[in-house]
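Some notes on the structure that comes next.
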Amino acid sequence: MTAIRQSNVNVDLVEALRVREGFRLADVDTRATPGYGKDKAKAAEDLVVGAHEFDELQERLYAQSREDHSKPSVLLVLQAMDTAGKGGIVRHVIGATDPQGIHLKAFKKPTKDELAHDFLWRIEKNVPHPGYIGVFDRSHYEDVLIGRVRELAPPEEIERRYGAINDFERRITDEGTSIVKVMLHISPAEQKERLMQRLERPEKYWKYNPGDIDERLLWPQYMDAYQTVFDRTSTDVAPWYVVPAGRKWYARLAVQHLLLATLERLDPQWPPATFDVEAEKKRLAAT
């Protein structure tokens, strides 16, 4: 079995990012690099090292589930204000491995059919199967974030959803899915700069949405909604991690490390051969 070399990221990074009792989003420096004392150039090197580790661990996870369908899965939940870098995480972290073992779902505005069901209905259908790493680009948390800020549901329904989310996450965790919930946190000034960059580069126009300006005007309300999410749904079985994302290179490294820590804990193994290896070598040699 190939040995996995431990990530070069400080081992305290996971704890530094974890949301615990008393956490205040307003206290987070969005350009900080908690748990990592190196610079951007060194981070690029460490990201490459981590990518090799991630690739092998993901393949092990996928391979062992082909023989044993009770084996675990991993779900990465990505939440953020616009321009915080969710796409970069998908490309630079998740993109380092074989896509056949990845289930990526970007949840958009609910369709008429989806609205006819409970808010978790469309989420349930996309929980990763054993051996897969699922990625939710936005998620069920939109229903207690934009749902609350934009008053898309009555207050009592929003209140019910926090408990429903905790029950849902506890259940799928019991069934073998390890959940990594990440909020990529940027400042309104950083977002303004990134939006302006999109407007100044024709190849980025497709990423610009005029509605982003409207959402910016509600920044304090969104931060309050996120704080409530952390207060109500950062649990022992599915804790939240707030990743400062003012420096994209750090955010990518941090999310990669959170996934590596989860996969190393699961310690997936290559499945043993279900055939006589030596006999198959002889058969092959004779052809």
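The values are calculated or read from the model by the stated rules, or taken from the named source; none is laboratory data. This one's a predicted model, so the numbers in the text were calculated from it and none came from an experiment. Heads up: the accessible areas ignore ligands, DNA and RNA and are worked out on the full protein's heavy atoms, side chains in. Shrake-Rupley method; radii C 1.70, N 1.55, O 1.52, S 1.80 Å.
Numerical summary
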| read-out | value |
| --- | --- |
| Mean separation of Cα contacts under 8 Å (6+ apart) over length of segment 101-167, as relative contact order % | 35 |
| Leu76 long-range amide H proximity, modeled H, under 5 Å | Gly134, Val135, Phe136, Val180 |
| Largest-first principal axis extents, alpha carbons of the chain, Å | 72, 47, 42 |
| Shape category assigned to segment 88-231 from the gyration tensor of Cα positions, a/c cut at 1.5 | oblate |
| Sequence of Thr173, Thr111 from largest to smallest accessible area, 1.4 Å probe | Thr111, Thr173 |
| Highest-fluctuation residue, Ala96, Ala41, Ala238 considered, GNM on the chain with Cα pairs under 10 Å | Ala41 |
| Accessible solvent surface per residue of segment 186-262, calculated while the other protein chains remain in place, 1.4 angstrom probe, Å² | 46 |
| Radius of gyration, Dmax [segment 49-146; alpha carbons; angstrom] | 14.8, 46 |
| Table column - 3J(HN,Hα) (Hz), segment 267-281, Karplus curve with 6.51, -1.76, 1.60, x for Gly and Pro | 6, x, 10, 5, x, x, 5, 9, 9, 7, 4, 5, 5, 5, 4 |
| Segment 29-62 and segment 237-259: distance between their alpha carbon centers, rounded to Å | 10 |
| Relative contact order (%) - the chain, alpha-carbon pairs under 8 angstrom, separation at least six | 32 |
| For the chain, built as a Gaussian network whose Cα springs stay under 10 Å, the top-fluctuating residue of Met183, Met81, Met223 | Met223 |
| For segment 68-75, 3J(HN,Hα) per residue [Karplus equation, 6.51 cos²θ - 1.76 cosθ + 1.60, θ = phi - 60°, Hz, x = Gly/Pro] | 10, 6, 8, 5, x, 9, 10, 10 |
| List Leu260, Leu284, Leu199, ordered by accessible area with a 1.4 Å probe, largest first | Leu284, Leu199, Leu260 |
| Candidates Gly87, Gly211, Gly37: whichever shows maximal mean-square fluctuation once the chain is modelled as a Gaussian network with Cα springs under 10 Å | Gly211 |
| Asp55 accessible area, assembled protein chains, probe 1.4 Å, Å² | 60 |
| Cα shape, segment 107-179, gyration tensor, a/c 1.5 rule | prolate |
| Sequence of Trp270, Trp240, Trp219 from largest to smallest accessible area, 1.4 Å probe | Trp270, Trp219, Trp240 |
| Stokes-Einstein D for segment 30-75, Kirkwood Rh over Cα pairs, 20 °C, 1.002 mPa s (µm²/s) | 164 |
| Computed accessible area, Arg138, all protein chains, 1.4 angstrom probe, square angstrom | 50 |
